[in-house]
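Asks: Have a look at this one before I ask anything.
No lab work stands behind these numbers, since they all come straight from the coordinates. For clarity, every value in this text was computed on a predicted model and none was experimentally measured.
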Amino acid sequence: MSESKKLPEGFDWKSITPKDSPKTPMDLFEDPKHKDLATANLSRGDPAYDFKSKIYDYSDGTEKDTGQVFHLAEVAREKPVALIFGSYT
């Protein structure tokens with residue numbers, strides 16, 4: 001496995017990998033097809049990849065489907081959009 005992609009010390013990858021899976025996480029780290037998918041092929045000013053996603057309401061601490069869908073291309077036609085990915089826990 002490459003030095004840049006290692007699982008955290010003590011991480012039990014078997015606990016999240018189906019028993020019948022033909023690949024381990026380490027196999028995926030080394031597979032050129034998966035490496036290519038993991039790296040965005042964009043330059044500054046390129047449009048983001050379009051996607052649609054259900055919108056959920058978590059205001060009461062539970063997940064509720066609002067019946068609405070976020071469509072990046074539609075919103076981006078109307079105004080600039082900033083996408084922030086991460087955990088806020």
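Asks: Ignoring everything except DSSP H segments at least 4 long, calculate the 222 nm mean residue ellipticity for the chain; use -39,500 (n - 2.57) per segment, divide by total residues, nearest 500.
Replies: On the way: 3 runs with 20 residues, N = 89.
Here the helix-only value at 222 nm equals -5500 deg cm²/dmol.
Asks: Now a separate question. Just one of (1) 15.7; (2) 17.3; (3) 20.8 is Kirkwood radius over Cα pairs in Å as worked out from the coordinates here. Which one is it?
Replies: Identified label for the calculated read-out: (2).
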